[in-house]
Amino acid sequence: MSNPLRGEVIRLYKNLLYLGREYPKGTTYFRERLKAAFMKNKDVTDPEKIKKLVDRGEFVIKELEALYFLRKYRAMKRHYYEPEH
Amino acid sequence: MSARVLVGVKRVIDYAVKIRVKPDHTGVVTDGVKHSMNPFCEIAVEEAVKLKEKKLVKEVVAVSCGPQQVQETIRTALAMGADRGIHVEVSGKDYETLGPLQVSKILAALAKKEQADLIILGKQAIDDDCNQTGQMTAALLDWPQGTFASEVNIEADKLKVVREVDGGLETIKIKLPAVVTADLRLNTPRYATLPNIMKAKKKKIANVKPADLGVDVSSRLEVLKVDEPPQRQGGVKVETVNDLVRKLKEAGRI
């Protein structure tokens, strides 16, 4: 019943964990909070609800990618370009 | 279009890491320090992959020079969409002295061997800040160059490049084959997520030695000393203009 979704959830967790390696506050900080966030929902059985949570996880992935890009862009801009650029 | 793009990627110390000078002042500490792909190289890879997605080029080949570890960087390029990789093995002393002249000789030899039509590089590496490899490669191949590119368009057999220059933007048209170096605003590089990295494991990375390409990687430069920049002195606040003048006189400035 929740078996195909189980695979999706585990895949989501692995993807987020991979992304967490670059987290500004540190990998351990990220991993603790990631585990806590997943554990909080471990008893959810309704496939609809699980799908919604997985979508929220995908959203967080997009947010992290945007965060990493902005951080890098701003650092490069600060290091290499005149202030009025 | 049957064009093949060669993209050079460099493995550098991650941009967010605090750099430490080695106690013997011969270089910076690299052991155990986080490394990643040079940000400008990421932009170069992204541009090449975008050209492939628009079906303007057929194949994207990622190249990196260095020891075993640079394969990670090539894998990242493959995860972003490059088709195959070439690892030019350079290690030990040779790697420590590897600079733009040697790399551009290697890239020129590879461009001829792989029959590349376009070479895209980052404009400079964030570790040495040379900003020379693209220009030297173009000179060695006698190809036109579009450096500091913030926009690249292929029009028939020519390349229209918008360059970021001191006075603003300059648009030039150059014939293919050509060398392009990527500037910050060229594009937004995609993130190499775990699923992409996994898929990229199937892609091939060929191993080549500089000697196979007929390139001598010995350096004509010797690093004498590496020092940290001087510490910033604290500022001093003064109450009146007279105080300021007095302090400047004391410091021998006026």
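The values are calculated or read from the model by the stated rules, or taken from the named source; none is laboratory data. Please read these numbers as outputs of a predicted model, since none were measured by experiment. Because the Cβ atoms are built from the backbone with ideal geometry, glycine has one as well, and the counts that use them run over all protein chains shown.
Odds and ends about this structure:
- Residue count, the range A:1-47 (criterion: within 16 Å of the chain's Cα centre (by Cα) and either closer than 17 Å to residue B:195 by Cβ or touching a residue at least 40 places away in the same chain (Cβ under 8 Å) (or both)): 17
- Scanning the range B:219-247 for residues being among the small types (Gly, Ala, Ser) and exposed (fewer than 10 other Cβ atoms within 10 Å of the Cβ) gives a total of 2.
- Close pairs (6 angstrom Cβ cut-off, 6 or more residues apart or separate chains): under 18 Å from residue A:37 (Cβ atoms) in the range A:48-75, assigned to a helix (DSSP H, G or I) anywhere: A:50/A:5; A:54/A:8; A:54/A:12; A:57/A:12; A:64/A:19
- Taken over the range B:195-207, the criterion of being more than 11 Å from chain A (Cβ to nearest Cβ) and either surrounded by fewer than 15 Cβ atoms within 10 Å (Cβ to Cβ) or out of contact with any Lys or Arg (no Cβ under 9 Å at 6 or more places or on another chain) (or both) is satisfied by B:199, B:201, B:202, B:204, B:206, B:207.
- Residue pairs meeting the criteria (Cβ under 9 Å; at least 6 apart or on separate chains; first at the interface with chain A (Cβ under 7 Å from one of its Cβ atoms), in the range B:183-194; second in a loop (DSSP other than H, G, I, E, B) and not aliphatic (A, V, I, L, M)): B:184/A:81; B:184/B:123
- Options B:105, B:160: the member that is under 18 Å from the mean Cα position of the chain (by Cα), at pLDDT 95 or above, at negative phi and of a type in the set (D, E, K, R): B:105
- Number of positions in the range A:14-52 that are surrounded by 12 or more Cβ atoms within 10 Å (Cβ to Cβ), among the small types (Gly, Ala, Ser) and more than 12 Å from chain B (Cβ to nearest Cβ): 1
- Matching strands (runs of 3 or more DSSP E) fully within the range B:114-219 where at least 2 residues are touching a Phe, Trp or Tyr at 6+ places or on another chain (Cβ under 7 Å): B:158-165, B:178-182
- Of the residues contained in the range B:75-91, one or more are found to be surrounded by fewer than 21 Cβ atoms within 10 Å (Cβ to Cβ) and either among the hydroxyl-bearing types (Ser, Thr, Tyr) or touching a Pro at 6+ places or on another chain (Cβ under 9 Å) (or both).
- Residues in the range B:55-74 that are within 16 Å of the chain's Cα centre (by Cα) and under 19 Å from residue B:4 (Cα atoms): 5 in all.
- The criterion of at least 3 residues that are in contact with a Leu (Cβ under 7 Å, 6 or more places away or on another chain) and within 28 Å of residue A:71 (Cα to Cα) is met, among helices (runs of 4 or more DSSP H) falling completely within the range B:1-101, by B:39-53.
- The combined condition, being facing chain B (nearest Cβ under 9 Å), surrounded by 15 or more Cβ atoms within 10 Å (Cβ to Cβ) and at negative phi, is fulfilled by residue A:72.
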